[in-house]
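Here the structure is laid out as structure tokens; the discussion comes afterwards.
The values are calculated or read from the model by the stated rules, or taken from the named source; none is laboratory data. A quick note: this is a predicted structure, and the numbers were derived from the prediction, not measured. Here Cβ is always computed from backbone atoms with ideal geometry, including for glycine, and neighbour counts include all displayed protein chains. SASA here: full protein model, heavy atoms, side chains in, ligands and nucleic acids out. Shrake-Rupley method; radii C 1.70, N 1.55, O 1.52, S 1.80 Å.
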Amino acid sequence: MLLLALGVILAGGACGSSKSPAAVFEPSPTSVRPTRVPTPYNTPVAAPTTVAEALASAREVLREGRFDTAAAMYGALAATTSSGSVRAEALVGSSIARYSDGDREGALLAIAEAARTAPAGSRESISAGYLLGVRLNEAARFEEAAAALKGITSQPGALAPYIAAEYARALSLSGRPSEAAAAWDALLAQANLPAAIRGSLLRERALAARTLGDDAALARSLDALIGQSGDAAALFERAQMARASGDIALSGQLLTRIVASQPESRLAVQSVVLLHEAGVTVDAGQEGFIYYRRGAFPEARRVLLAGIAEPGIGPATLAFRLYYLAAAFEDSGEPEQAVIYYDQAAALGGSALYTHRAKYWAARVTERSGDLSVAGARYRALVSEGPPGEFTAEASFRAGYTLLSVGDTAGAVLAWDVVGGGGGARVAYWKGRALAKLGRVMESDLEYRRAVTLGPFDFYGNEAARELRLAPVIDTAYHNRNLGAKSDWVAIASWLGANVPGSFPGGAPTAAGELAWVGLRDQAAGVLNDAAFGAGAWRLLELTREAQGAGLLDVSAQLAERVRIAVGAESADVPKALLRVEYPVDYVSQLNEEAKTNNLDPLFLAALVRQESFWNPAAGSVAGALGLTQVIPETGDGIARALDVRGFVPADLFRPAVSLRFGAYYLAGQVRRFGEPWAALAAYNAGPGNAGRWVQAAGRGGAVEFVEQVDFEETAHYVTIVLEHYAHYIQAYGD
């Protein structure tokens with residue numbers, strides 16, 4: 001019966017009908033539920049043959065964001081199974097799917113049924129009870145939430161502190177402050193309470209105290225929160241309370257702390273204003289930096305000009321102020337003044353960091369102003385005289401490239417000889433190009449080979465390999481790839497053991513797996529990231545494995561990268577097993593299907609996803625781009641029309657199935673339009689109009705010529721890094 005019911009659902013898709021008991025959990029006729037037309041997002045799913053396969057299939061469909069199909073699959077399974085735990089798991093899945101699809105009432109009914117019918121004390125019972133409490137609290141049904149959670153507060157396990165915290169929240173919001181306070185105190189007394197829960201509890205206590213008008217309790221909660229994390233909002237509120245009570249000194253101390261430690265906080269400017277009103281002196285450098293970071297360049301110049309005239313300031317402080325004064329002039333469109341103050345900052349020698357930065361940006365502003373010979377000399381001086389710093393490699397490159405760009409090929413080679421081996425694969429590649437142009441072929445080949453050695457996966461290292469005919473041209477057309485390789489943790493541990501003595505510490509699993517199991521993905525990721533703070537390589541690897549087991553491939557990839565960095569290894573020096581974790585392929589069937597439909601190599605599409613979202617389906621950017629492929633809603637609307645997808649709403653971009661389909665379609669369109677993957681990537685990042693401008697400027701040149709014409713630094717980096725990701729993916733998954 002199970003196979004028959006699921007077969008009907010899978011064959012008919014989300015629009016098929018079913019008489020499964022999932023209908024029991026439909027919302028009432030008065031509920032408002034969004035009209036969805038999900039069929040265009042669906043990929044056929046093979047009918048399962050076992051209960052385990054049915055659960056796995058429904059889970060994958062849910063992960064892909066095909067929520068109505070997943071709800072129907074879970075509903076059919078709940079209707080036909082004789083196992084209480086399987087039924088409860090299916091009902092949990094149905095609840096998550098319905099909630100994600102906007103059916104909050106149906107989700108609540110399903111999770112309530114799961115909590116009622118799950119075997120007592122089972123994982124399903126505890127997890128369903130916790131999720132029920134969360135959803136009831138969200139629905140402002142606080143008394144019911146407290147009742148649902150009370151019965152599982154004594155259950156052991158990783159979820160125990162989360163259950164207790166949610167229970168305390170329900171008590172507080174239902175008007176039982178003394179009981180809530182007792183629950184909070186008991187939790188906060190736990191030595192190993194996760195940092196995320198501790199912070200959440202302190203905020204809950206502050207909210208309760210604020211609601212009750214209990215200033216003393218509010219002050220204690222804010223002080224505790226400040227002590228835990230230095231939270232800017234808590235500092236600001238506490239300063240306001242101190243000011244209202246007449247404690248101007250304490251208020252000034254707290255506001256000054258925001259200015260000094262969190263200058264990029266949105267509250268930093270307000271803190272400066274309040275400090276001035278109170279007659280408290282604000283450091284001119286800190287104030288100017290705050291204005292600069294907020295884009296208030298006239299205010300930054302005013303404050304910093306006064307600040308550099310203050311008597312008795314040390315060279316390090318003066319260098320800082322001069323540097324940001326120069327930056328404010330530069331960003332205001334006054335390059336001549338910027339260079340003057342950059343040079344003054346560099347001449348002080350009071351801070352190696354700001355001396356280095358000032359020298360570099362003085363050279364860069366000079367270059368942008370068109371004086372390439374002077375700019376080249378500045379770059380060479382920075383590399384040869386120092387101090388070394390974050391821009392040394394870039395300065396090494398530009399020391400010669402400024403000359404090459406005006407036709408002085410021999411001068412460029414000489415400049416690169418002067419700066420020595422700095423600049424990595426990029427300098428080696430361009431020096432090879434220049435030597436080839438001068439007819440010095442053997443020397444050119446040696447530089448190309450040096451570029452390959454310096455950067456096996458580097459954009460310029462790969463282009464050097466192509467110059468030597470050691471690597472094929474970039475081919476992003478569809479290839480049938482083996483994307484389903486399992487992680488070999490034995491091989492990874494063996495490699496780590498050869499580099500870092502030790503073994504897996506055997507730490508207890510975090511609550512990430514349980515939180516992810518009930519659909520609380522963000523909370524699960526937060527738990528793992530908190531646990532990774534300050535961890536050594538072996539503990540990081542343990543958490544990497546746990547993250548992957550919880551289905552959080554974005555988190556496991558980032559943790560795997562941290563493992564490699566902790567060892568001090570380059571990506572070319574790690575085994576394929578670790579490379580596959582650091583460069584994962586998620587939503588395999590959907591990714592492959594969309595890549596094949598659009599004639600894209602699935603690994604090329606995977607490389608784009610990794611850069612856009614790091615495989616986090618809930619990713620969003622300040623520009624409003626959403627989902628795995630970071631499509632802007634307006635662009636998504638146009639793609640939906642082109643694909644004849646009805647009922648599209650921006651939230652659909654958080655569905656992996658939708659994001660992959662839309663992103664693949666748009667990327668493939670740019671590949672067809674421009675013919676080259678680097679131009680297509682530039683169009684994806686900065687728009688076809690800009691990409692066309694750069695194609696025209698690059699002429700008949702290849703990838704490197706194109707990238708050097710890209711005058712948006714973000715886009716130039718984007719193009720090179722996605723192609724570098726692509727090289728990593730081919731190494732990890734290619735034949």
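Mind checking whether some residue in the stretch 518-530 is assigned to a helix (DSSP H, G or I) and touching a Lys or Arg at 6+ places or on another chain (Cβ under 8 Å)?
No, every residue in the stretch 518-530 fails to be assigned to a helix (DSSP H, G or I) and touching a Lys or Arg at 6+ places or on another chain (Cβ under 8 Å).
For the stretch 495-521, name all the residues that are touching a residue at least 40 places away in the same chain (Cβ under 8 Å) and surrounded by fewer than 13 Cβ atoms within 10 Å (Cβ to Cβ).
Passing the criteria: only Ala508.
Can you tell me which residue among Gly627, Gly636, Gly620 is open to solvent by less than 10 Å² (accessible area, probe 1.4 Å), under 13 Å from the mean Cα position of the chain (by Cα) and not hydroxyl-bearing (Ser, Thr, Tyr)?
It is Gly627.
So that you can scan it fast, the table gives a plain yes or no per residue for (1) more than 35 Å from the chain's Cα centre (by Cα); (2) modelled with pLDDT of 95 or more:
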site: Asp343; (1), (2): yes, yes
site: Gly349; (1), (2): yes, no
site: Ala352; (1), (2): no, no
site: Lys359; (1), (2): no, yes
site: Ser384; (1), (2): yes, no
site: Ala393; (1), (2): no, no
site: Tyr401; (1), (2): no, no
site: Gly420; (1), (2): yes, no
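How many residues, within the stretch 666-675, are touching a helix residue (DSSP H, G or I) at 6+ places or on another chain (Cβ under 8 Å) and buried (at least 19 other Cβ atoms within 10 Å of the Cβ)?
Residues flagged as touching a helix residue (DSSP H, G or I) at 6+ places or on another chain (Cβ under 8 Å) and buried (at least 19 other Cβ atoms within 10 Å of the Cβ) within the stretch 666-675 amount to 5.
Out of contact with any Gly (no Cβ under 6 Å at 6 or more places or on another chain), closer than 26 Å to Leu483 by Cα and in a helix (DSSP H, G or I), is that true of His717?
Details: out of contact with any Gly (no Cβ under 6 Å at 6 or more places or on another chain): yes; closer than 26 Å to Leu483 by Cα: no; in a helix (DSSP H, G or I): yes.
Answer is no for this residue.
Looking at the structure I just gave you, is Ala508 small (Gly, Ala, Ser) and assigned to a helix (DSSP H, G or I)?
Values: small (Gly, Ala, Ser): yes; assigned to a helix (DSSP H, G or I): no.
For Ala508, the condition - small (Gly, Ala, Ser) and assigned to a helix (DSSP H, G or I) - is not met.
Checking the structure you have, find out if any residue of the stretch 57-70 is farther than 27 Å from Tyr587 by Cα and in a helix (DSSP H, G or I).
No - not one qualifying residue is present in the stretch 57-70.
I need every pair where a residue in the stretch 682-701 that is touching a residue at least 60 places away in the same chain (Cβ under 8 Å) has its Cβ under 8 Å from the Cβ of a residue that is in a helix (DSSP H, G or I), sequence separation at least 6 or different chains.
Listed by first residue and then by second, the contacts come to Tyr684/Leu608; Tyr684/Tyr666; Tyr684/Leu667; Tyr684/Gln670.
Residue by residue through the stretch 57-95, note down the ones that are surrounded by fewer than 24 Cβ atoms within 10 Å (Cβ to Cβ) and within 27 Å of the chain's Cα centre (by Cα). Explain how you work it out, then say what you get.
First pass over the stretch 57-95, keeping only residues surrounded by fewer than 24 Cβ atoms within 10 Å (Cβ to Cβ): 57, 59-60, 62-63, 68, 79-87.
Once the filter is applied, which keeps residues that are surrounded by fewer than 24 Cβ atoms within 10 Å (Cβ to Cβ) and within 27 Å of the chain's Cα centre (by Cα), the stretch 57-95 yields Arg59, Glu60, Leu62, Arg63.
If Thr597 satisfies all but one of (1) more than 20 Å from the chain's Cα centre (by Cα); (2) buried (at least 23 other Cβ atoms within 10 Å of the Cβ); (3) among the hydroxyl-bearing types (Ser, Thr, Tyr), what's the number of the condition it fails?
Result: Thr597 passes all but (2).
For the stretch 263-294, how many residues meet the condition of being under 12 Å from Tyr324 (Cα atoms) and under 29 Å from the mean Cα position of the chain (by Cα)?
Within the stretch 263-294, residues that are under 12 Å from Tyr324 (Cα atoms) and under 29 Å from the mean Cα position of the chain (by Cα) number 6.
Of all residues in the stretch 99-135, count the ones that are open to solvent by 10 Å² or more (accessible area, probe 1.4 Å), in a helix (DSSP H, G or I) and over 19 Å from Ser154 (Cβ atoms).
Number satisfying all stated conditions: 10.
In the stretch 304-317, which residue that is modelled with pLDDT of 95 or more and among the aliphatic types (A, V, I, L, M) is surrounded by the fewest Cβ atoms within 10 Å (Cβ to Cβ)?
Ala309
Scan the stretch 720-735 and report the pairs whose first residue is among the small types (Gly, Ala, Ser) and whose second residue is open to solvent by 20 Å² or more (accessible area, probe 1.4 Å), with Cβ atoms within less than 6 Å and a gap of 6+ or a chain change.
Hits for this filter: Ala727/Phe457; Ala727/Asn462; Ala732/Lys576; Ala732/Arg580.
Are any of the residues in the stretch 387-402 among the polar types (S, T, N, Q) and part of a loop (DSSP other than H, G, I, E, B)?
No, the stretch 387-402 contains no residue that is among the polar types (S, T, N, Q) and part of a loop (DSSP other than H, G, I, E, B).
All but one of (1) part of a helix (DSSP H, G or I); (2) out of contact with any helix residue (DSSP H, G or I) (no Cβ under 9 Å at 6 or more places or on another chain) hold for Gly534; state the number of the condition that does not hold.
(1)
Are there helices (runs of 4 or more DSSP H) fully within the stretch 590-679 with at least 2 residues that are free of Cβ contacts under 8 Å to residues at least 40 places away in the same chain? List them. Give the steps one after another, and end with the answer.
Working: elements: 602-613, 633-642, 656-674.
The qualifying helices (runs of 4 or more DSSP H) are 633-642, 656-674.
Just checking, how many residues over the stretch 711-720 are of a type outside the set (A, V, I, L, M, F, W, C) and closer than 16 Å to Asp458 by Cα?
3
Quick one: Asn192 ticks every box in (1) under 33 Å from the mean Cα position of the chain (by Cα); (2) part of a helix (DSSP H, G or I) except a single one, so which number is it?
(2)
Restricting attention to the stretch 683-710, and to residues there that are part of a loop (DSSP other than H, G, I, E, B), within 26 Å of Pro456 (Cα to Cα) and not aliphatic (A, V, I, L, M), which single residue is most open to solvent (accessible area, probe 1.4 Å)? Spell out how you get there, then give the answer.
Quick first cut of the stretch 683-710, residues part of a loop (DSSP other than H, G, I, E, B) only: 687, 699-702, 710.
If we keep only those that are within 26 Å of Pro456 (Cα to Cα) as well, we get 700-702, 710.
If we keep only those that are not aliphatic (A, V, I, L, M) too, we end up with 700-702.
On the way: Arg700: 243, Gly701: 31, Gly702: 27 Å².
Here the residue is Arg700.
Only residues in the stretch 558-574 that are under 17 Å from Gly424 (Cβ atoms) count as the first member; pair them with residues that are open to solvent by 50 Å² or more (accessible area, probe 1.4 Å) and at pLDDT below 95, Cβ under 7 angstrom, at least 6 apart or cross-chain, and list the lot.
From residues that are under 17 Å from Gly424 (Cβ atoms), the pairs are Ala572/Pro456.
Restricting to the stretch 194-211, give me the number of residues that are within 19 Å of Gln523 (Cα to Cα) and open to solvent by 40 Å² or more (accessible area, probe 1.4 Å).
Result for the stretch 194-211: 6.
Suppose we filter Asp214, Asp231, Asp283 for residues that are surrounded by 13 or more Cβ atoms within 10 Å (Cβ to Cβ) and without any contact (Cβ under 8 Å) to a residue 12 or more places away in the chain; which single one remains? Before you say what the answer is, go through the steps one by one.
Numbers: Asp231 fails: without any contact (Cβ under 8 Å) to a residue 12 or more places away in the chain; Asp283 fails: without any contact (Cβ under 8 Å) to a residue 12 or more places away in the chain.
Selected residue: Asp214, the only one of Asp214, Asp231, Asp283 that is surrounded by 13 or more Cβ atoms within 10 Å (Cβ to Cβ) and without any contact (Cβ under 8 Å) to a residue 12 or more places away in the chain.
Tell me the residue from Gly333, Gly421, Gly400, Gly349 that is open to solvent by 20 Å² or more (accessible area, probe 1.4 Å), among the small types (Gly, Ala, Ser) and under 27 Å from Arg469 (Cα atoms), please. I'd like the intermediate steps shown before the answer.
Details: Gly333 fails: under 27 Å from Arg469 (Cα atoms); Gly400 fails: open to solvent by 20 Å² or more (accessible area, probe 1.4 Å); Gly349 fails: under 27 Å from Arg469 (Cα atoms).
The conditions single out Gly421.
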